[in-house]
Each structure stands twice: as structure tokens, then as C-alpha cells.
Amino acid sequence: MNRKQILILTIGAAFVLLAVMYIFMNRDTEQEIEIENVVTSSYEGTMDITIEDESNYGIEWKNTTEDQFYNRVTDIKDTYEINTSPKSYLKVTRRILDNGDYYIFTSLHNNSGQPIELDVSMHVADTRYYSYRSFEKHMSAPRFTSDIKHDLTTTPYGLITNFKDDEFTSNLMVGKMYQSTELVEEYEDGRKSELRELIAEKQNIDFDIYENEFNLVLEMETEGNDMMDHWLLFSDKPLFDTFQSYDDWIKIHNNRKYKNNTWYTAEGPYKKVVRTAEPTPESELQYGQNLLIVREDEILKRYKETEERYFYDMLLNSVANLEIFKGDKEFWETKYTNGWLNRVYGIQAPYIDTRHNEGVALFLEETGNLLDIPEITTALTNYADLLVSQTEAGQVVDVGEDAYLISDYFTFHQDVNKTHSSLNHVLGGMNLLLETYLKTGDEKYLTTATYIQNGINELGDKWLNEKGDTWYQINPDFTFQGEDYTLLTLTD
């Protein structure tokens, strides 16, 4: 065999080898893609989770992040990438509390135009014995008011209790699933107004029961360019002292829907907002993170009455949500634009609502003292300082010498005219300043509160309309407008 023949044989053998390698590499890749349709998520002291991509796009772990809130709450967030075009993501957040209880927030962000189906299986207990008590036991009709129109959210799914050898092992409060789309209006300077449009509230939740195993399975199905959220709370101790206490909470929750939440995410709860909130979808089913419900007033009230574990856990969740909502800012800015404020004053998101910030400051003051979290009680003084600074910046309606009323709304991001002052905002701010004075002894808070009282006194019976009721607001041009809230003034 000559040299040329040997060379030809060598080249031929090399091609055969390359072909064999290509076949094996392709076979391995196919096996790898198949394996990546199933991933697991685990963290010490919490339930294991198996995620199966029924759509066969392929799913893989991307990263894990950790956040701490006041040494009482730890967030462990696993993000998984789904191989759609563009990429989609599943986020699993374990919110671990200082008593060992934890939340699991599961959010599927489908950024593609194609459906995604995931089965998220959570290993709850090594037992097959359980009871389920629906939260719909005392269910009322969907909420409707002229301000918000229809609210299609209802109640959480219910309470699961696990048993082994007739002994209690764990409790789960399980939420329903919420399918939505993002609504974002961007402004020229980079600001934006953020809402969600609710597509559906779903109950695609199964119990997988084996001989000695209880799994909770979420069937998360999105249509494309949408999102799906779910939440649950786990405890190896009873969340409620008695089933009667649980039933009592169902009645309270359903009778005061406007003050309680059902749609929770790792970034905070979503609630139906006013019909003037922008951007407004054709369905008018816009939901947002409203500070009135990110702070859990009803939960705080119930915890003070019962000291039950469920309400303690919910209070810590609210504290974490408020910190997440605030982000790196000093105060809590409304995240969506109110069409009326935009039309009259040109104010767009984000902006300061004085009444909402006052409510948050008072909530954190009381919760911080109750749960011994001193770091959050500074919110009261911080907000009082903001009110003082706004009087110095001229964000007031001047009604006389050493007499003014602080404007209801203002913004750090736009050059706009100052807004009206409403009696409920003014009285709330004055009370907060007086409370801060009593707490600190600093005369600046008393002086500012006194000037506000002077402003109210200076106007006197001008606050009364022809019917003898109070006007809602005084405008910067000294005209009065609107009717006062009947319920709000009675409950403040």
C-alpha cells in the first residue's frame, strides 16, 4: 500500500470517527433536553418542589437570590428559565419567617406568544391523611362600587390540615391562582405607571395522595404574553387556635373585602383599583399595588384580638411587602397614575399620596411596637419630617398668617402646580404630627400641627356647604369642591 492510499484511508477513518461522534453528541443533547423538562427546587427546612414543563420547551435553573428584612424575614428566590422565544421565567420565592413558618410564592412570566403549561408539585407531608376546609364557606357576591366597578377576585382556596397517626402535623393556607397581563404606560423621562389586567382567577389545584405522601400540584397554564401567580403559607403548628376561629376570620374577610387581600405575590398584593387608574384596559379589570391594602390593617386588628399564628405571619409578610414596595426610596410612592390627578394637575406616577403615607407610617409604628421591630417605627418620624419639609417648600394652601393646609399630593419627579387640600388628609397629617411631637418632644412638629389647626380655624364654617355637610377639599384658588366621605370620616 503506497503513501497515497494510506492517506486516503486515514482521511476516511477520520470522517467515520467524526460521524460517530456527531451521532453520539446529538443523542446526548436530545437526552439532556428531555431531562431539562423536569427540575427540582429545594431549601433546608422547606418543602421540596418538582417543576415539570408539559410544553416541552425546556426549563433550567438560572439563579438564586437572597434578601433579608429586619432579621425577621428571609426571601430565597429561585429563578428558572424556560426556553421560549423570547425567554420566559418561573420564579419560586420562599419567604421564611422567624418562627419557622414560610410562604411559597410561585409566578410564571410567559414572555412569548405561545402557551406554557407547567405542573408545580409541592411535597407537603409524609402522610396521606388530611382535611380541607374551603374559604368559600361564607362567600359573598363579587364586589362592585361605582369607583372601582367589578372586582372579580373572591377568596383564598382554603385551609389544609395534615395528620399522621391521628396527630396534627401541619397547616397550609392555600391561595387561588391569578392570570393577568402587565399594563405599563411609559413617560418620556423614564417614569412609568404600572398595573395588571386580571384575565381569570383559577383553582387548578390538585391533591396527589400516595400511601405515605401528600403533594399539592399547581397546574399553571398561560396563553402567551401573560402571567400566573399563586401563594401558600405553611406551618408545622396550627395557624388558627380553633376551626371556629378560622370560620370567624372567613366571615370578617368576606364582609370587608375592600380591606383584605386574596391575590398575593412575592412583590406584594394586588387589588382592584379605581376605574380612573391608568392605563385603563377595555375590560376595566385593572389591579394594582395600592398602599391602602399593602399594609394589612384588618390583619393587625385581628392579631391584637387573638395573637394567632396566621395573623402574626401575615403581619410579617406585610412588613416585608412594604419594604419591597418602597425599594431604595425614602417614602412610598404610588405606582400607577390616577387619571383625574393627571387631568387636573398633570401629576403622573410615581407620586406621594399624603394619606397613604400617613397610614403606612402609623401601621409600621404600631406593628413595630407590637412585634418588637424597632427599625420600622422610624417611619412615623420620617414621614413627619417629610410633612414639615413640604410646608417649607410651599406645598400648601396658604389661608392666613401662620395658617395653611398641606397639599394632598406632590411629586419629586415633575414640575407641576400644587394640588388641593382635603379635610381628611389635613386632619390625618395634623394628628400624625402631634403624635410625633409627643414621641420626640421636637417643637417643629407641634409648630407645623398648630399652623394646620390655624388654617382649619381660619376657614371656619366656609368648610360647610349649603346642605350643612363638609366640602371634601379646598383648591389652591380657595374654591371648595366635592362631598366628604361618609364612611371614611366616621372610621378615621
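The values are calculated or read from the model by the stated rules, or taken from the named source; none is laboratory data. Computed from a prediction, not measured in an experiment: that's the story for all the values here. Every residue, glycine as well, gets a Cβ built from its backbone with ideal geometry; the counts of neighbours run over all protein chains shown. All accessible areas refer to the heavy atoms of the entire protein, side chains included, with ligands and DNA or RNA removed. Shrake-Rupley method; radii C 1.70, N 1.55, O 1.52, S 1.80 Å.
With viscosity 0.890 mPa s and temperature 25 °C, the Kirkwood radius over alpha carbon pairs of the chain converts through Stokes-Einstein to a diffusion coefficient of 96 µm²/s.
Stretching the chain fully between residue 210 and residue 62 yields a gain of 50.1 nm (0.36 nm per residue, less the alpha carbon separation). Per-residue Karplus couplings for the stretch 333-346, computed as 6.51 cos²θ - 1.76 cosθ + 1.60 with θ equal to phi - 60°, are listed in order as 9, 4, 8, 10, 7, 8, x, 5, 4, 5, 5, 7, 10, x Hz, Gly and Pro entered as x. Dividing the helix sum by the residues of the chain, where each DSSP H run of 4 or more adds -39500 (n - 2.57), gives a mean residue ellipticity at 222 nm of -10500 deg cm²/dmol. Hydrodynamic radius of the stretch 35-87 by the Kirkwood approach over all distinct alpha-carbon pairs: 12.6 Å. Multiplying the residue separation of residue 398 and residue 165 by 0.36 nm and removing their Cα-Cα distance gives an extension gain of 76.7 nm.
Averaging the Cα positions of each part gives two centres, and for the stretch 110-134 and the stretch 190-216 these lie 8 Å apart. For the stretch 298-374, the Cβ-based charge dipole about the Cα centre amounts to some 400 debye (Lys, Arg positive; Asp, Glu negative; other atoms uncharged).
Phi-derived couplings, Karplus 6.51 cos²θ - 1.76 cosθ + 1.60 at θ = phi - 60°, listed residue by residue for the stretch 449-459: 4, 5, 5, 5, 4, 4, x, 5, 5, 4, 7 Hz, with x used for Gly and Pro. Projecting the Cα positions of 345, 158, 314 onto the charge dipole of the chain (unit charges on Cβ atoms of Lys, Arg, Asp and Glu, taken about the Cα centre) puts 345 furthest along the positive direction. Dipole orientation for the chain: of the candidates 169, 447, 368, 169 has the Cα lying most toward the positive pole (charges on Cβ; Lys, Arg +1; Asp, Glu -1). Normalised by 2.2 N^0.38 Å, where N counts its residues, the alpha-carbon radius of gyration of the stretch 258-376 equals 1.12.
Label positions at residue 457 and residue 134, each projected 7 Å from the Cα along the C-beta direction, are separated by 6.0 nm. Here the relative contact order of the chain, from alpha carbon pairs under 8 Å that lie six or more residues apart, stands at 10 percent. Note on the chain: with charges restricted to the Cβ of Lys and Arg (+1) and Asp and Glu (-1), its dipole about the Cα centre is near 540 debye. Quick one: if you stick a label point 7 Å off each Cα along the C-beta vector at residue 366 and residue 344, how many nm between them? Modelled inter-label distance: 2.8 nm.
Nonpolar atom fraction for the chain, defined as the carbon and sulfur part of the 1.4 Å probe accessible area, stands at 49 percent. Greater than 23 Å separation of Cα atoms is the criterion. Which listed pairs, 87/335; 137/176; 272/326; 77/272; 77/326; 137/259, meet it? Violating the 23 Å limit, Cα to Cα: 87/335; 77/272. List the aspartates and glutamates whose Cα sits under 14 Å from the Cα of residue 418, skipping any in the same chain fewer than 8 residues away. Residue 418 reaches 353, 392, 398, 408, 477.
Summarising the amide proton neighbourhood of residue 125: residues at separation of 5 or more, or on other chains, whose placed amide H is nearer than 5 Å comprise 214. Accessible surface of residue 85, taken over heavy atoms with a 1.4 Å probe and every protein chain present, rounds to 110 Å².
For the stretch 356-487, the orientation-averaged shadow of the C-alpha convex hull comes to 9.1 nm² (one quarter of the hull surface).
Residue-wise HN-Hα couplings along the stretch 201-207, as the Karplus relation 6.51 cos²θ - 1.76 cosθ + 1.60 with θ = phi - 60° gives them from phi, are 9, 10, 10, 7, 10, 10, 9 Hz; Gly and Pro carry x.
Output the 0 to 90 degree angle, nearest 10, between the alpha-carbon long axis of helix 423-440 and the longest principal axis computed from the alpha carbons of the chain. On a 0 to 90 degree scale, this one is about 90. In the stretch 421-462, the alpha-carbon atoms span a convex hull of 56 Å³ per residue. Principal axis extents of the C-alpha atoms in the stretch 38-131 (largest first, rounded to whole Å): 42, 37, 19. Seen against the Cα atoms of the chain and their longest principal axis, helix 309-326 is set at about 80 degrees. The angle between the Cα long axis of helix 3-35 and the main principal axis of the chain comes to about 40°, on a 0 to 90 degree scale.
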